[in-house]
Every structure is written in structure tokens, then in C-alpha cells.
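Visitor: For reference, the structure I am asking about is given below.
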Amino acid sequence: MKLLLRWLITSLSLFAAAALVPGIRVSHDAWTVFAAMAVILGLVNAIVRPILKLLSCPLVILTLGLFTLVINGITLWLASDIAVSWFHVGFYVDGFLAAFLGALVVSIVSVILTTVLGEEKS
């Protein structure tokens, strides 16, 4: 149940990012795209993000954690590229600035929805 709730929250966060950030656009059949993109983003966050955080540890420390926002943008951009290239999912991020702003929106909306829906931390 927690996995489905997390998937729904991520899908709604991606919807908000596509609605608010000009450089993020979705092709036809949007809800299927958001659902597939939520799975792909979750996999990228589980596999690639820890490696990026480890490699950029000095920058994260030097910027007092703000470089983590850049890592979030990179993972969203990479997940979009993987979704379009490998799985032909129509979730397009036009550049790094759009990915950075989209990652900010996804993070903020995810925190708000997690708080409202009451997902428990284990």
C-alpha cells in the first residue's frame, strides 16, 4: 500500500511540474506518461542518485547541501532522457534549467502531499 501511495504522490508531483514549469512538456495520453515516468524516476533515484551523491560529496559539503538540488535536477533530466529514449514515454525536459525547476516543484509537491496524505516513515 505504501508503494502505491508513493507512486501516486510522485505521479501527481510530476503532473504539477509539467503544469508549472515551461520547459517540461508531455505528449498525448498524459496520465499513462506520468505513471510510467514515476516508476522510471523512482528507479533512477534508487540506482543513479546515490552514485552521484557519493561522487559529488565534496561539493555537497562545500555548498552546505545546496548541490543536492543540482543532483535532483540531473536525475530528473536523466530519467526523462531514459523515458524518451528507451521506453518511448513522452515526458520531455528541454534543458537543465527546466530540470532544475521541475525537480524543485516535484520535491515541494511531494513533501506537501506526503504530509497531507500521512504516509508513515518506517
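The values are calculated or read from the model by the stated rules, or taken from the named source; none is laboratory data. Remember, it's a predicted structure, so these values are computed and weren't measured experimentally. Counting neighbours? That spans all protein chains shown, and the Cβs are built from the backbone with ideal geometry, glycine included. All accessible areas refer to the heavy atoms of the entire protein, side chains included, with ligands and DNA or RNA removed. Shrake-Rupley method; radii C 1.70, N 1.55, O 1.52, S 1.80 Å.
Visitor: Out of (1) free of Cβ contacts under 8 Å to residues at least 60 places away in the same chain; (2) in contact with a Gly (Cβ under 8 Å, 6 or more places away or on another chain); (3) open to solvent by 20 Å² or more (accessible area, probe 1.4 Å), what's the single condition that is false for Val33?
Guide: (3) is the only condition that Val33 fails.
Visitor: OK, next. Mind telling me which of the residues Trp7, Trp31 ends up being within 15 Å of Gly118 (Cα to Cα) and either aromatic (Phe, Trp, Tyr) or modelled with pLDDT of 95 or more (or both)?
Guide: Values: Trp31 fails: within 15 Å of Gly118 (Cα to Cα).
Trp7 is the lone residue from the list that is within 15 Å of Gly118 (Cα to Cα) and either aromatic (Phe, Trp, Tyr) or modelled with pLDDT of 95 or more (or both).
Visitor: A further question on this structure: So, in the range 85-106, exactly how many residues are open to solvent by less than 50 Å² (accessible area, probe 1.4 Å), in a helix (DSSP H, G or I) and closer than 23 Å to Leu8 by Cβ?
Guide: Residues in the range 85-106 being open to solvent by less than 50 Å² (accessible area, probe 1.4 Å), in a helix (DSSP H, G or I) and closer than 23 Å to Leu8 by Cβ: 5 in total.
Visitor: Turning to a different aspect of this structure: Could you check Ile9 against (1) among the β-branched types (Val, Ile, Thr); (2) under 18 Å from Val111 (Cα atoms); (3) open to solvent by 20 Å² or more (accessible area, probe 1.4 Å) and say which number it fails?
Guide: (3)
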